[in-house]
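Below you'll find the structure, written out as structure tokens, and then a few comments.
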Amino acid sequence: MTGSTADTHSFGKGTTYGVILALDITFEAGGLTSVNGANKGDRQNNMRIGGTFLLPVGQQHLPKFSCSTDAVVRMGANFTMLSIGWQTILV
């Protein structure tokens, strides 16, 4: 038995308002698999939406809070992601 997976392609467009809020939309497509040359018909076509909030602390520190979730899931994973980070600007 042999299997294969096609490449997955994605692109996104973000809009940034100053250094405080960024909103984004991402579309992902691809990932078609086959077994013994037979197409399984499981190509993924999904759209995600999300945002990031940055809170400047002084001139060199930016705590970041972000969230993204699936807007359209036709095949594949359906999940929500939350993250917290700390960015330091070294000058």
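Nothing in this text is a laboratory measurement; each read-out follows from the coordinates by a stated rule. None of the values given here were measured: they were computed from a predicted structure. For neighbour counting, all protein chains shown are included, and Cβ atoms are generated from backbone atoms with ideal geometry for every residue, glycine included.
If you filter segment 16-91 for trypsin sites (Lys or Arg not before Pro), then keep DSSP loop positions with at most 16 other Cβ within 10 Å, what is left? Spell out each step's value before the answer.
Working: sites: Lys40, Arg43, Arg48, Lys64, Arg74; in loops: Lys40, Arg43, Arg74.
Sparse-neighbourhood loop trypsin sites (Lys or Arg not before Pro): Lys40, Arg43, Arg74.
Label separation (Arg74 vs Asn45): 0.2 nm, computed from points 7 Å beyond Cα along the C-beta direction.
Suppose the chain between Ile84 and Asp24 were pulled fully straight at 0.36 nm per residue; how much longer would it get relative to their current alpha carbon spacing? Walk me through the numbers before you get to the answer.
Working: separation 60, 0.36 × 60 = 21.60 nm, distance 1.69 nm.
The Ile84-Asp24 span can extend by a further 19.9 nm.
Just rank Met81, Met47, fewest to most, by other beta-carbon atoms within 10 angstrom.
Numbers: Met81 11, Met47 15.
Going from sparsest to densest Cβ surroundings: Met81, Met47.
With R₀ set to 41 Å, the beta-carbon distance separating Ala38 from Lys64 gives a calculated FRET efficiency near 0.40.
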